[in-house]
Amino acid sequence: MRTAARRGHTPKTVLHRRGTLELLHYRAQADEVYRVPLLIVMAPTNKGFVLELAPGQSLVEFLLKRGYDVYMLDWNPPTMRERDLGLADYTLDFIPDCIRRVQEHSGEQDISLVGYCAGGMLSAIYQSLHPDGPVKNMACFTTPVDYSQMELFRAMSSEQSFDLDAFVEKNGIIPAQVVAAGFEALRPASRAVGQIRLWDNLWNDQFVAGFRRMERWGNETLPLPGRYFKELTQQLLRDNELYNGTLRVGGWPVDLGKITIPLLHVVAQYDHIVPSGCSAPLIKMIGSTDKEEVVLPGGHVSIAAGANAIKRMWPKLDSWLQGRST
């Protein structure tokens, strides 16, 4: 174990690192801690420090103070040796490996998975392939399921737009600027608007500090392994296999109906990256009887970080987990 470099202000330890994978543990900040630990799974495109921006603005800190034992499956830029990492590696290797390590470290067999964006998608695939595994509860935020609703992403990734095989073969690792450009294309004026808001609030030190933190997080979009990018583009964006029920990972069919554990799904009403229509089918497709969908005002990031999240999403997540974490 080693102490992680300080990004936010929440003390944490790196329990394990293997290439792009990094498993973090955050120190408890409550006298009494719930029995079931939480494992947060981030999307491979982004670092997890958006969930621990600063004191008072950190979901992780909030959960720790509410009495949860928090772990995070975070990511580092993949190396060229990891160009062949795909969906099977994330869902049949990385997530199960981290769950085992959380079990060993915490001394508990039950785990709650909390997935953000594609981290929720990977968590859902994992759970559908391990329906009798150790995951007791699952909470997902802005999780893509029906990729036909991601119209601009689909247009940018269509067969007419570029040769996917040649692009992946040439690059191996998909550069961060390519990934970031896709996100920025969804809201082309957002950077300019952000700078205008910054100038308008230069007198407000708190606003400037928060803006800089979010800007740094946005600028640290991660590169992606070529195989993962290819599978995401072909099987999910182009062929919509997760929604259609035709996705196979590691040779195994992915059936979201096999998920029967308690599930909370939080949808962002104004999400420009994962539109509500893209994430909404999840709650209907899973087989759980204990399931709840919450649609909250906010965007893809503000649903999890910022004033809107502090007032709405964080308390909802806490109240949902309380009775299921003992």
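The values are calculated or read from the model by the stated rules, or taken from the named source; none is laboratory data. Only a predicted model underlies this, so the values are computations on that prediction, with no experimental measurement involved. Quick reminder, even Gly has a Cβ in these numbers, built from the backbone with ideal geometry, and neighbours come from all protein chains shown. Only protein heavy atoms, including side chains, enter the accessible area calculation; ligands, DNA and RNA are left aside. Shrake-Rupley method; radii C 1.70, N 1.55, O 1.52, S 1.80 Å.
I'd like the full set of residues that are under 15 Å from Asp69 (Cβ atoms) and touching a Lys or Arg at 6+ places or on another chain (Cβ under 9 Å), limited to region 29-51.
Gln29, Ala30, Tyr34, Val36
Suppose the filter is closer than 30 Å to Asp163 by Cβ and in contact (Cβ under 8 Å) with a residue 24 or more places away in the chain; does Leu317 pass it? I'd like the intermediate steps shown before the answer.
Working: closer than 30 Å to Asp163 by Cβ: no; in contact (Cβ under 8 Å) with a residue 24 or more places away in the chain: yes.
No; evaluated as a whole, the condition is false for this residue.
Does Glu159 count as open to solvent by 30 Å² or more (accessible area, probe 1.4 Å), in a loop (DSSP other than H, G, I, E, B), farther than 21 Å from Val50 by Cα and at pLDDT 50 or above?
Numbers: open to solvent by 30 Å² or more (accessible area, probe 1.4 Å): yes; in a loop (DSSP other than H, G, I, E, B): yes; farther than 21 Å from Val50 by Cα: yes; at pLDDT 50 or above: yes.
So Glu159 fits the description; yes.
Looking only at region 129-156, which residues are crowded, with 24+ Cβ neighbours inside 10 Å and not in a strand (DSSP E or B)? Let's see the steps before the verdict.
Taking region 129-156 first, the residues crowded, with 24+ Cβ neighbours inside 10 Å are 138-145, 147.
Residues satisfying the conditions are Thr142, Thr143, Pro144, Val145, Tyr147.
Select from region 67-99 the residues that are of a type in the set (Gly, Ala, Ser) and within 20 Å of Thr45 (Cβ to Cβ) and list them in ascending order. Quick ask: steps written out before the conclusion?
Let us first name the residues in region 67-99 that are of a type in the set (Gly, Ala, Ser), namely 67, 86, 88.
Gly86, Ala88, listed by residue number.
Go through region 238-255 and report how many residues are within 17 Å of Gln149 (Cβ to Cβ) and surrounded by 21 or more Cβ atoms within 10 Å (Cβ to Cβ). I'd like the intermediate steps shown before the answer.
The initial filter retains those residues of region 238-255 that are within 17 Å of Gln149 (Cβ to Cβ), namely 238-245, 247.
Within this subset, residues satisfying the condition of being surrounded by 21 or more Cβ atoms within 10 Å (Cβ to Cβ) are 242, 247.
Result for region 238-255: 2.
Any chance region 114-121 includes a residue that's of a type in the set (Val, Ile, Thr) and within 21 Å of Val301 (Cα to Cα)?
We begin by selecting, within region 114-121, every residue of a type in the set (Val, Ile, Thr); these are 114.
Within this subset, residues satisfying the condition of being within 21 Å of Val301 (Cα to Cα) are 114.
The answer is yes; a qualifying residue exists.
Output the residues belonging to region 132-144 that are over 20 Å from Pro37 (Cβ atoms) and out of contact with any Cys (no Cβ under 6 Å at 6 or more places or on another chain).
Keep residues of region 132-144 that are over 20 Å from Pro37 (Cβ atoms), which gives 142-144.
Across region 132-144, the qualifying residue is only Thr143.
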